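Here is the structure we will look at, set down as structure tokens.
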Amino acid sequence: MFLSLQITFDEDAAGILPKIYRPNPLTFASSTASIARSVLKCLALVHPSWTPVVYRALGKSLHAPLQLENRQRTPWTNLLQNPLYGTRTQELSFATATDMKKSDDVRRFVFISNIPHRFPNLKTMSITIYRINEDIAKSMETLIGLENLENLKVELGMFQDVPGLFDNIEKWTSIFDAIARFPRLHTFQIPYCSTGLQNCNIPPELAALTANRMFQKLQLCILFPDHPFKGPNPEGYPTQAVWTRQGDDAEGAFGLTSLPVRWLPNSFRSFSDLNKRSLTFLHAICTEELSWNPVDHDLKSFVSLRKVEVISEMPYVEVILSSLPRAVESLSLAFPKTLKFSDVDKMLQSYITSDRSPSLKQLEVARLYFKDKLYTYRIMKISSSLLLTSAVCQERGIEHIAWH
């Protein structure tokens with residue numbers, strides 16, 4: 001007899017699928033269970049000694065589905081009793097609470113409370129939150145027994161009201177304080193409302209976490225209060241703000257390394273010296289509400305900045321180029337349709353041939369036609385629209401491409 005197996009959907013594989021098709025995570029696990037059993041059966045027929053190897057491989061990762069398998073038993077009860085999973089399991093994903101009936105939430109909490117004992121060697125865990133309540137803080141307290149946990153990811157259920165999720169900071173603080181007690185936690189990822197970020201510093205309610213000497217990396221998935229959360233990266237924008245511990249010593253301060261912003265900050269001068277030294281990636285949108293100022297938005301002091309993406313809805317290409325540090329290796333620049341290609345061509349040629357871009361290795365240029373549809377371009381060769389830029393890029397061996 002073969003066990004009912006659950007397989008986690010590979011997110012890397014999902015990333016290369018067309019956006020029009022994404023397997024439903026609520027049904028994917030059950031639909032692949034029969035495939036897993038068939039694979040196991042075939043391998044066992046080849047040679048019985050292969051069976052333990054397959055068990056170990058399939059038991060390494062566990063996804064607890066949301067839907068019920070039948071009326072009598074829940075999938076969480078089955079997973080606790082399934083001998084495929086246990087000490088060999090290193091990755092786990094589950095949801096804390098849904099809109100199901102209360103009895104189902106009770107069974108789910110029983111499952112969560114058994115995780116440290118049943119899966120003591122977990123290293124990576126992903127938790128989906130559908131509502132913020134006391135049960136989540138209790139769940140985190142229960143999970144502190146996972147002494148080997150290194151990576152923790154918290155996600156939101158679909159179509160959540162962003163301001164409503166963050167209106168009670170005390171509940172979030174209790175959750176963060178519990179997470180800070182994981183003894184070996186290295187990385188933590190969680191959604192966070194953009195209104196809570198001040199000068200791109202780590203929010204104060206996360207201070208206990210960053211004080212943990214083992215902790216190395218914080219990732220905040222920036223959410224915006226002007227629309228409900230519809231899943232990860234719905235518009236194609238980068239969303240991860242990342243801070244990493246600087247220096248080799250465990251007491252090193254955390255520096256901002258990746259910053260995606262939906263709008264241009266009022267000034268980059270307000271950034272701390274540490275963040276200016278540590279930032280390696282910047283994605284910003286320049287609109288008519290706030291222009292790119294050569295003084296307030298000068299990036300030359302950001303000595304580690306390697307990758308820059310700027311979407312400028314206003315004709316500020318020249319001032320943007322003059323503000324970049326010499327360390328930039330990858331530049332993506334989108335300019336408005338009010339600018340001529342010939343003018344942009346001359347600006348880029350001047351930038352590349354000057355001593356301001358000694359590290360540049362990649363260049364992407366795009367022309368904007370529609371707001372809110374920033375990546376719907378017809379691809380074309382850069383040589384047909386930016387002749388001067390293409391020539392100097394070829395001379396220096398810079399990878400280059402343009403969208404028209």
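The values are calculated or read from the model by the stated rules, or taken from the named source; none is laboratory data. No experiment lies behind these values; they were computed from the predicted model shown. Counting neighbours? That spans all protein chains shown, and the Cβs are built from the backbone with ideal geometry, glycine included.
Structure values in brief
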| read-out | value |
| --- | --- |
| Tabulated pairs, region 343-361, first of a type outside the set (Ser, Thr, Tyr), second buried (at least 21 other Cβ atoms within 10 Å of the Cβ) and assigned to a loop (DSSP other than H, G, I, E, B), C-beta under 6 angstrom, 6+ apart or interchain | Asp345/Leu386 |
| Helices (runs of 4 or more DSSP H) fully within region 72-190 counting 1 or more residues that are at pLDDT 80 or above and in contact with a strand residue (DSSP E or B) (Cβ under 8 Å, 6 or more places away or on another chain) | 75-81, 102-118, 134-143, 169-179 |
| Looking only at region 305-345, and only at residues there that are among the hydroxyl-bearing types (Ser, Thr, Tyr) and not in a loop (DSSP other than H, G, I, E, B), the one that is surrounded by the fewest Cβ atoms within 10 Å (Cβ to Cβ) | Ser342 |
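Here's the yes/no breakdown for (1) touching a strand residue (DSSP E or B) at 6+ places or on another chain (Cβ under 7 Å); (2) in a loop (DSSP other than H, G, I, E, B); (3) not aromatic (Phe, Trp, Tyr):
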residue: Ser258; (1), (2), (3): yes, no, yes
residue: Asn266; (1), (2), (3): no, yes, yes
residue: Ala284; (1), (2), (3): yes, no, yes
residue: Pro294; (1), (2), (3): no, yes, yes
residue: Met347; (1), (2), (3): no, no, yes
